[in-house]
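Okay, so here's the structure we're looking at.
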Amino acid sequence: MSDNPTAGVNREDLRALIAEELELPTEEVTDEANLRTDLAVDSLTAMEVAVQLEKKYRIKIDEEEIKSLTTLATIHQLVSAKLETAR
């Protein structure tokens, strides 16, 4: 297989990307951790995470969708859905 980013979304890759952007250990970015309440992510940081997701997966995330990115699970669902739509 190629290194095409639309080939699938690995949850651990997402976890690593988010942890790096938040400057946290990956183990703190659990599937259920709420980015805002548990990890203290503000709107600017959420936007920075979205930009990194857009770059890595070559997708577009609009402002309303950024607000819905509250956990690793919701981020995985959104990115997966966008990649599936792009195929």
Hey, could you check the range 44-81 for residues that are in contact (Cβ under 8 Å) with a residue 24 or more places away in the chain and more than 23 Å from T30 (Cβ to Cβ) and say which is surrounded by the fewest Cβ atoms within 10 Å (Cβ to Cβ)?
-> R58
Count of residues meeting criterion [in contact with a helix residue (DSSP H, G or I) (Cβ under 6 Å, 6 or more places away or on another chain) and at pLDDT 95 or above] in the range 22-38 | 2
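The values are calculated or read from the model by the stated rules, or taken from the named source; none is laboratory data. Bear in mind the structure is a predicted one, so any value in this text is a computation, not a measurement. Every residue, glycine as well, gets a Cβ built from its backbone with ideal geometry; the counts of neighbours run over all protein chains shown.
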